[in-house]
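S.K.: This is the structure, below, for whatever I ask next.
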Amino acid sequence: MSKPRKLVLYSGGQNRSNHKLHEALVGLVDRKKKISMTYVPFCEDGCRVFYSRFQKRYSRFGADSFFCLPVDSQPRKQDIDRALKSDIIYLAGGNTFYFLKHLRASGLLPRLKSFAERGGVLAGLSAGAIMLTPNIELAAYPPFEPDENEVGLRNLRALGLVKFEFLPHFVNSKRMNEAMLMYSLLSPHPVLACPDGCGVVIDGWRKTYFGHAYIFHRGQKIDLDPRR
């Protein structure tokens with residue numbers, strides 16, 4: 001039987017604006033002597049700079065063991081096995097289509113789902129957060145700000161660990177709202193739209209929203225203002 005899922009979806013933004021999300025992420029781990037984290041970049045090129053920042057950021061919140069697993073570099077079985085022994089696996093941002101292609105090709109995608117269903121903590125930033133949802137169709141949306149599908153990916157199914165789609169980097173503008181209201185008429189899933197500095201923490205049945213987020217569903221927009 002699956003254990004309650006522990007997931008964190010980040011939109012993006014600067015470290016300071018995400019401070020409470022970082023704290024909540026590490027807080028999902030049962031406290032013990034060490035907290036281990038694996039960083040999964042969307043590609044190997046240039047990832048060491050971001051991995052170094054990742055280590056510095058989360059060491060401030062109590063994590064003290066780190067591993068980096070680029071999935072487009074044909075990772076070895078022992079490296080994937082090591083990653084799956086971590087307390088937290090963090091999927092970084094980048095091109096969503098490229099990322100999904102290599103998560104699938106490496107064999108990591110189904111193992112990430114099993115990891116989360118066993119009670120492992122799984123987090124995603126931007127493209128990495130979209131990966132936790134039923135599909136990555138929103139990566140190509142809105143049409144004026146799409147990710148480019150340069151790898152020609154056709155199978156857009158993702159992990160399906162939540163029953164909503166996720167739109168990172170949301171800007172509460174007339175053009176964006178019109179685009180998302182139209183998309184919500186076509187999608188069978190609600191869409192959680194988060195500006196940078198916002199996100200959601202899922203701990204079993206409990207969802208905690210951080211920052212000012214919105215739900216688009218069936219042509220309606222719902223304001224999740226935390227001050228209300």
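S.K.: When you go through Val162, Val171, Val200 one by one, which is the residue that is part of a loop (DSSP other than H, G, I, E, B) and surrounded by 21 or more Cβ atoms within 10 Å (Cβ to Cβ)?
M.R.: Val162
S.K.: Here's another thing I want to ask about it. Going through Gly119, Gly94 one at a time, which residue ends up being over 24 Å from Arg53 (Cβ atoms) and in a loop (DSSP other than H, G, I, E, B)?
M.R.: Going through Gly119, Gly94 in turn, just one is over 24 Å from Arg53 (Cβ atoms) and in a loop (DSSP other than H, G, I, E, B): Gly119.
S.K.: Sticking with this structure for a sec: State all residues of segment 217-226 that are part of a loop (DSSP other than H, G, I, E, B) and either modelled with pLDDT under 95 or surrounded by 14 or more Cβ atoms within 10 Å (Cβ to Cβ) (or both); if no residue qualifies, say none.
M.R.: Asp225, Pro226
S.K.: Looking at Tyr209, Tyr183, Tyr214, which is the one that is part of a strand (DSSP E or B), open to solvent by 10 Å² or more (accessible area, probe 1.4 Å) and in contact (Cβ under 8 Å) with a residue 40 or more places away in the chain?
M.R.: Numbers: Tyr209 fails: in contact (Cβ under 8 Å) with a residue 40 or more places away in the chain; Tyr183 fails: part of a strand (DSSP E or B).
The unique qualifying residue is Tyr214.
S.K.: Which of the residues that make up segment 106-140 are without any contact (Cβ under 8 Å) to a residue 40 or more places away in the chain and buried (at least 23 other Cβ atoms within 10 Å of the Cβ)?
M.R.: Ile130 - this is the single residue of segment 106-140 that is without any contact (Cβ under 8 Å) to a residue 40 or more places away in the chain and buried (at least 23 other Cβ atoms within 10 Å of the Cβ).
Yes or no, residue by residue, for (1) part of a helix (DSSP H, G or I); (2) in contact with a Pro (Cβ under 6 Å, 6 or more places away or on another chain); (3) under 26 Å from Asp147 (Cα atoms):
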{"position": "Pro4", "(1), (2), (3)": "no, no, no"}
{"position": "Val8", "(1), (2), (3)": "no, no, yes"}
{"position": "Gly12", "(1), (2), (3)": "no, yes, yes"}
{"position": "Cys43", "(1), (2), (3)": "no, no, yes"}
{"position": "Tyr51", "(1), (2), (3)": "yes, no, yes"}
{"position": "Phe67", "(1), (2), (3)": "no, no, no"}
{"position": "Arg111", "(1), (2), (3)": "yes, no, yes"}
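S.K.: Further, regarding this structure: State which residue pairs qualify: first residue on the phi > 0 side of the Ramachandran plot and inside segment 9-27, second residue surrounded by 15 or more Cβ atoms within 10 Å (Cβ to Cβ) in any location, beta carbons under 7 Å apart, and separation of 6 or more residues or different chains.
M.R.: What qualifies is Gly12/Gly93; Gly12/Leu125; Gly12/Ser126; Gly12/Pro168; Gly12/His169; Gly12/Asp196; Gly13/Asp196; Gly13/Gly197.
S.K.: Looking only at residues in segment 141-156 that are more than 20 Å from Tyr10 (Cα to Cα) and among the charged types (D, E, K, R), which one is surrounded by the fewest Cβ atoms within 10 Å (Cβ to Cβ)?
M.R.: Among those residues, the one meeting the criterion is Arg154.
S.K.: Any chance you could count how many residues in segment 163-177 are touching a helix residue (DSSP H, G or I) at 6+ places or on another chain (Cβ under 6 Å) and over 15 Å from Cys198 (Cβ atoms)?
M.R.: 1
S.K.: Separate question: Would you be able to say whether some residue in segment 55-64 is in contact (Cβ under 8 Å) with a residue 24 or more places away in the chain, under 22 Å from Ala158 (Cβ atoms) and buried (at least 21 other Cβ atoms within 10 Å of the Cβ)?
M.R.: Among the residues of segment 55-64, not one is in contact (Cβ under 8 Å) with a residue 24 or more places away in the chain, under 22 Å from Ala158 (Cβ atoms) and buried (at least 21 other Cβ atoms within 10 Å of the Cβ), which makes the answer no.
The values are calculated or read from the model by the stated rules, or taken from the named source; none is laboratory data. Quantities reported herein were computed from a predicted structural model and do not represent experimental measurements. Methodologically, a virtual Cβ is constructed for each residue, glycine included, from the backbone with ideal geometry; neighbour enumeration extends over all protein chains shown. Keep in mind that these areas ignore ligands, DNA and RNA; they rest on the heavy atoms of the full protein, side chains included. Shrake-Rupley method; radii C 1.70, N 1.55, O 1.52, S 1.80 Å.
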